[in-house]
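See below for the structure under consideration.
Where a number appears in this text, it was derived from the coordinates with a stated rule and is not lab data. Note that this is a predicted model, so its numbers are computed, not measured. Here the Cβ is made from the backbone with ideal geometry for all residues, glycine too, and neighbour counts use every protein chain on show.
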């Protein structure tokens, strides 16, 4: 039977004392949510799981340093995001435009709690689902699948100009509904 911790302070105290049941509870409770969150950045299930595992290992290894007034769930989400950024930077040179988006994302993560981030992700997904069907399909082929405009044109038997028009229309609709942070939100979702 799994241990249940009634509040944040109790769980952190149990973790600090090295209680393996507390660690098991932490992993069982948050692993899936954090993997889904990490996947929004990586679009790679294996990498997402690695990121989350690294966060859990770091928490266990540094458990004595946990402060009992931490809001653990916020700390977990922020740690996953920071681990993603660390891995992203180590695997790829950060170009100026990417740096601009990463800095903007850092500002959002610093100023928002996990519920706000989840809300932003849900909002973006909902707005994408509200795009006209053809526009949505082409936009997702470009952003989710990573296909080039030429590949989409060949796959959908369309002209390149038509593909470009659909993607431009999608951006215009999303910019209209999501506001000035549209590009940052899309970077958050699709990298």
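Tabulated data
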{"item": "Nearest-0.05 FRET efficiency for residue 89 and residue 21, computed from C-beta distance (R0 35 Å)", "result": "0.50"}
{"item": "Euclidean distance between Cα centres, the range 59-78 to the range 127-188, Å", "result": "39 Å"}
{"item": "The range 1-92, relative contact order [Cα under 8 Å, separation at least 6], %", "result": "36 percent"}
